[in-house]
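What follows is a short report on a single structure.
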Amino acid sequence: MQKSSITVSWLLALSLALAGCGEESSGSSGIGADASPAPGIEEDVPPNASELPKPVRQMMTLGNRQSEARFVDVMGDDGRQWQPYERAPEFTHMVALGNQAITISDGTRLFVKVTLPGFSKEEPAPGPFPVVLTQTSYNTSLGQYVPQIGGANEFLVKRGYAHVVVDVRGTGNSGGSWAAFDEREQQDYLEVLNWVVEQDWAQDRIGLEGISYLGITSVLTAQHSHPAVKAAFPIVPIGDGYRDIVFTGGNVNATFIPLWLGMVTGFGIIPAEMAAVDSEAFLKAIPERLYGALAGFQVPTVVKALTGESETAYDSDFWAVRSPLEGADKINVPTFIVGGLFDLFQRSEPLWFEQLSARVDTKLLIGPWDHIGAAGVGFMGGDGADQHGVPDLDTLRLQWFDEYVMGLDTDVKSQPDVTQYVLGLDEYDTTSHWPHPDMQAERFYLSPAEGLTRIGQMQPQAPEDVGTALVAQHLLNGLCSSSLNQWTAGLGGMLPLPCAQDNTFSEIAAAKYDLPAGEDGLYLNGPMQADLWVSTTAKDVQVSVRLDIVNPDGTTTPVTNGLMTAGLNSVDETRSRFVNGEMIQPWHTFRLEDTQPYESGEVRKVSVEIFPSSAFVPPGSSLRVSVNTSNIAQGLPPLLTALHSLLGVMTLHTGPETPSSVVLPVVPSAKLDAMQAP
């Protein structure tokens, strides 16, 4: 009993870590969080406004809002530089309506919290209001204390938005069984939209928003093409459930995923507020939740993944349903994507921009964050973007919704389309597209080490001499590295471990190759790929590739990484990315029928997808590529594959017949904003 209590307490602490109290916190900070409403707003609302027809009420305050919205240009007259946006609060209070439930078509009841603007704690202002919709798996009862995981956003509500927060089925205070984005849950999203627009306090203008799970529900909800949905603002949304994190390179994530499944289960195990809405459902909820976790979705999914069961361990319809990018062409509303260079979904966040920008207004902001940092949480000291001239997320979201949901003229289209933090430069850079319009794919070949340095070089031509590097195969590589922080969503970074910030220790046994930056430096921006010729004394091998900046003092700055099980190296070139004739982002099929066990003595080319990043290697520094045989923080092979990989030795081959190489996304350094003359 004591152990269970400790577990639940720890999960609550984790929620605070994942959603903290930084810029997205709706009550503790931000422009005008406790300010008075704009002058004249209250007086312009007639005393009988609530009795007027809904369309009339909908238009009453639009003129006042438009006159209050303004830009403050702090970066000169360049229209593609960031300009902070301001609009003062119109209301003094948030007013929570009584807890409600939506009865879904299959009889399940979803728990709903509705918060409206007001001028006192007891009475909401007359509506209707444009609506912000958030759908969470982390329990709205906790969200009232930690808004990021499912609470009302005070910054938006005081500026005239109604905020609706829903517990998805089988979580929080809602009925039903949870199965993480399955088809039934996705159908619920549409029924929630229909319920919202039927409410007297709601305009038929809805913005979708949220972080992580809540951001994923936003993009999936947008795919229903409901006419009331006008915009989306997803923060760190997944794109491909299999490739992004759960089975990167065919390796199951054993750090974050079990933690996350336990967190959703723990947060929903006692639906505290359900009794007030549905007492009968409350009595059934706890045993149903426990049974569902043990026999329905959570535990069976983990067991199937670890044992290599085909539906889960290989790409299948199970993952297609849980890969929102597969339905990106159904999204027809302006979408602002926020990502992080070290986020759990680092791979897909720029892909979202690429998929959407040709059809709808789209913006992309990628910061130097892990999953927690992308929320701007207190443990990480806020999002930090505003220190570089980029507005905080509350302000960005307000401008996006003011333009597309509320219908104000905010000039949001003049803001930069793509904004990325550049590692090594430690500044944000803006451009018009992703991948960078001036990016070229350049292949650099690995050349064997000479002398006692044990560090090879990278060069533009394949080496004439044959070389080999031996790397022992075991599962513990990366245990203390930058990957520990990234693939625990940022929790690993809270430990005082120098090896989690500098990869020198984790690369001791790796094969390493350096590329000097040159006098102009080396600017990388986009996806990357390693084509490595490897053999193994075992039946399979996991190939881990890590990129770092080697600083003049010998320390390293992590950039990105990739992981690939060699036996799953089946590439579909029709879905892979080619730039100026070079494949730079392979698409592996990860189908059971495409597995290729190693034959004794076989030397095989393995194409490793290295997740996209943006980094500048300054003059005097070098780019390092290190090749190892595992990255436990990022992923472990399923049981049978692990047994096939143990106690082996991988040989990395270089030379004219086995030209191991990396393909890098090189952009001229002169294209960096910081490098351009004022």
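The values are calculated or read from the model by the stated rules, or taken from the named source; none is laboratory data. Note that the coordinates shown come from a computational prediction; the quantities given were computed from them, not determined experimentally. In this analysis, Cβ positions are derived from the backbone assuming ideal geometry, glycine residues included, and neighbour counts consider all displayed protein chains. These accessible areas exclude ligands, DNA and RNA; they are computed on the full protein's heavy atoms, side chains included. Shrake-Rupley method; radii C 1.70, N 1.55, O 1.52, S 1.80 Å.
Hey, which of the strands (runs of 3 or more DSSP E) in the range 572-643, taking only ones fully inside, have at least 3 residues that are without any contact (Cβ under 8 Å) to a residue 12 or more places away in the chain, open to solvent by less than 20 Å² (accessible area, probe 1.4 Å) and farther than 26 Å from L522 by Cα?
Here the list is empty.
S174 is checked against (1) under 23 Å from the mean Cα position of the chain (by Cα); (2) in a loop (DSSP other than H, G, I, E, B); (3) of a type in the set (S, T, Y) and fails just one. What number does that condition carry?
For S174, the failing item is (1).
Out of all the residues in the range 286-325, which are touching an Asp or Glu at 6+ places or on another chain (Cβ under 8 Å) and either touching a residue at least 12 places away in the same chain (Cβ under 8 Å) or open to solvent by less than 30 Å² (accessible area, probe 1.4 Å) (or both)?
Of everything in the range 286-325, those that are touching an Asp or Glu at 6+ places or on another chain (Cβ under 8 Å) and either touching a residue at least 12 places away in the same chain (Cβ under 8 Å) or open to solvent by less than 30 Å² (accessible area, probe 1.4 Å) (or both) turn out to be W319, V321, R322, S323, L325.
Quick one: in the range 233-260, of everything that is closer than 21 Å to L491 by Cα and hydroxyl-bearing (S, T, Y), which residue is nearest to the chain's Cα centre (by Cα)?
Result: T248.
Name the residues in the range 269-282 that are modelled with pLDDT under 75 and either farther than 16 Å from W178 by Cβ or open to solvent by less than 60 Å² (accessible area, probe 1.4 Å) (or both), would you? Can you show your working first?
First, the residues of the range 269-282 that are modelled with pLDDT under 75: 270-272, 274-282.
Within the range 269-282, P271, A272, M274, A275, A276, V277, D278, S279, E280, A281, F282 qualify.
Would you point out the residue of the range 67-126, among those that are hydrophobic (A, V, I, L, M, F, W, C), in a loop (DSSP other than H, G, I, E, B) and touching a strand residue (DSSP E or B) at 6+ places or on another chain (Cβ under 8 Å), that is modelled with the lowest pLDDT?
For the range 67-126, the residue satisfying everything is V72.
A328 - would you say it is touching a Pro at 6+ places or on another chain (Cβ under 8 Å) and part of a helix (DSSP H, G or I)?
no
Out of I211, I257, report the one residue that is buried (at least 24 other Cβ atoms within 10 Å of the Cβ) and within 30 Å of L636 (Cα to Cα).
From the options I211, I257, the qualifying one is I211.
Conditions first: (1) under 18 Å from V534 (Cβ atoms); (2) at pLDDT 95 or above. P637 passes all but one, so which condition is the exception?
Among (1) under 18 Å from V534 (Cβ atoms); (2) at pLDDT 95 or above, the lone unmet condition for P637 is (2).
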